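Have a look at the structure below, then the notes.
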Amino acid sequence: MAGSGSAVAAAPGDGRALQRLLDELGRLPGIGPKSAQRIAYYLLEADAETARRLADAILRVKEQVHFCPICFNYATREHCDVCDDPTRDRSRICVVSEPRDVQAIERTGSFHGLYHVLGGVISPMDKVGPEQLHVRELLGRLADGTVEEVILATNPDVEGETTATYLSRIIRPLGVEVTRLASGLPVGGDLEYADEVTLGRAIEARRAL
Ligand SMILES: [Zn+2]
């Protein structure tokens, strides 16, 4: 009889609540042990409402944010804000590897077309080929002739260049212009870390492939 209730009763007093929080925080990207400790002690000292708001925001983002079925950017409604926006230029699609790259390009204010998020890059080392990315869906979007230009905005590193070369080879025969961000971005660097001015210039000065 004691068995069923004891597991639940043991949780608050198992003496590991703080350690569990430290472990979970330590798993987050960019959070080392020291930062994990700082955040954990901040939460311990904060009132219950502050902690509840954070917990609630984390749960809500998992419940309410999904991938846009058109471009695979993050969306909170059926489609993402960009696909839903009637003022966007539908003749241009900017292809990026991750949703965070969409945010980076949006911050520049230099691009007013649509996006397509691949969900990664071609990487034989990690056994990622075109079949693992949203390439088929991209080709589907090019089928009706609305799109005149595809801008390949994968990162300027080996995988990003390989992916851009592959896409250019299969898209050009469809009669769609293919362009690549201008050089000037730090080689090997992530798009998301480029400053807005540099990234904005790279978009404006994009070159034909
Ligand atoms: Zn979308």
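Assorted remarks:
- Per residue accessible area of the stretch 22-145, 1.4 Å probe, in Å²: 63
- Only Lys, Arg, Asp and Glu carry charge here, each on its Cβ (+1 for the first two, -1 for the last two); on that basis the chain has a dipole of about 240 debye about its Cα centre.
- Amide proton proximity set for Gly113, modelled H, under 5 Å, gap of 5+: Asp89
- Each DSSP beta bridge with both residues in the stretch 87-209 is either parallel or antiparallel, and the antiparallel ones are about 20%.
- Here the 3J(HN,Hα) profile of the stretch 177-182, calculated from phi with Karplus coefficients 6.51, -1.76 and 1.60 at θ = phi - 60°, is 5, 10, 10, 10, 3, 5 Hz, Gly and Pro shown as x.
- Once the Kirkwood radius over Cα pairs is known for the stretch 18-155, the Stokes-Einstein relation at 37 °C and 0.692 mPa s delivers a diffusion coefficient of 186 µm²/s.
- Once the Cα atoms are used to define both axes, helix 33-45 deviates from the longest principal axis of the chain by about 60 degrees.
- Basic side chains Lys and Arg get +1 at the Cβ, acidic Asp and Glu get -1 at the Cβ, and with that the dipole of the stretch 81-152 about its Cα centre reaches some 120 debye.
- For the chain, the share of DSSP beta bridges that are antiparallel, to the nearest 5, is 25%.
- Partnerless Cys - the chain, beta-carbon criterion under 4.7 Å: Cys71, Cys83, Cys94
- Over the chain: helical MRE at 222 nm, DSSP H runs n ≥ 4 each giving -39500 (n - 2.57), nearest 500: -13000 deg cm²/dmol
- Residue with peak Gaussian network fluctuation, the chain [Cα springs, cutoff 10 Å], from Leu133, Leu59, Leu28: Leu28
- For the stretch 103-209, taking the reciprocal of the average inverse distance between every pair of different Cα atoms yields a Kirkwood hydrodynamic radius of 14.3 Å.
- Nearest-10 value in Å² for the accessible area of Arg141, using the 1.4 Å probe: 40
- Within the accessible surface of the chain, defined with a 1.4 Å probe on protein heavy atoms only, the carbon and sulfur portion equals 55 percent.
- The stretch 61-152: antiparallel DSSP beta bridges as a percent of all, rounded to 5: 25
The values are calculated or read from the model by the stated rules, or taken from the named source; none is laboratory data. In this text the structure is predicted, and so the values were computed from the model without any measurement. In this analysis, Cβ positions are derived from the backbone assuming ideal geometry, glycine residues included, and neighbour counts consider all displayed protein chains. Surface areas here come from the heavy atoms of the whole protein model, side chains and all, with no ligands, DNA or RNA. Shrake-Rupley method; radii C 1.70, N 1.55, O 1.52, S 1.80 Å.
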